[in-house]
Amino acid sequence: MATPTQDSDKSEVVKTDATFEAAADLFRVMSAPMRLRIINCLCDGEKNVSYLLTRVNTTQPNMSQHLNTLYQAGILAKRREGVQIFYRIADQRVVSICEAMCHHIAGQTTS
């Protein structure tokens, strides 16, 4: 059996326990519907917290908690401008994962 370095297909990713752990951690962070809504709002660019509160039906403390979780996980980046904090997607892979899953789920519910 060929080792991963001997494998001629370089596009195949070596799936180690660490890879599965990292994937599980990412899915855990993204498992909250509120966080998926926030990510969805940020897919088309940076937004401030006030804007996000108009788009996602929640309280400011709850929004802050979810934003902090996403930020700590490296999914979001933030910057301060005066008293406002702006958030943006820091890891574009998350956008791809969310879009793929939402398209898959939407396709199942319409068939």
Centroid-to-centroid separation of the stretch 78-111 and the stretch 14-39 [C-alpha atoms, Å]: 13
Whole-percent pair-distance distribution, where bins are 5 Å wide, for the alpha carbons of the stretch 28-77: 4, 22, 39, 27, 8, 0
Whole-Å semi-axes of the chain's equivalent ellipsoid (Cα gyration tensor): 32, 18, 12
Computed lengthening from Arg55 to Asp91, 0.36 nm per intervening residue step minus Cα-Cα distance: 10.8 nm
Solvent-accessible area, 1.4 Å probe, carbon plus sulfur percent, for the stretch 29-111: 51
Potential extension, Ala24-Glu46 segment - 0.36 nm per residue separation minus Cα distance: 5.3 nm
Probe 1.4 Å, all protein chains present, accessible-area order of Cys102, Cys41, largest first: Cys102, Cys41
Share of alpha-carbon pairs per 5 Å distance bin for the stretch 69-111, given as whole %: 5, 20, 18, 16, 14, 11, 8, 5, 2, 0
Contour minus Cα-Cα distance for Ser31 and Met101 (0.36 nm per residue): 24.0 nm
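The values are calculated or read from the model by the stated rules, or taken from the named source; none is laboratory data. All figures in this text were calculated on a predicted structure; none of them were measured in a lab. Just the protein is used for accessible areas: all its heavy atoms, side chains included, with ligands, DNA and RNA removed. Shrake-Rupley method; radii C 1.70, N 1.55, O 1.52, S 1.80 Å.
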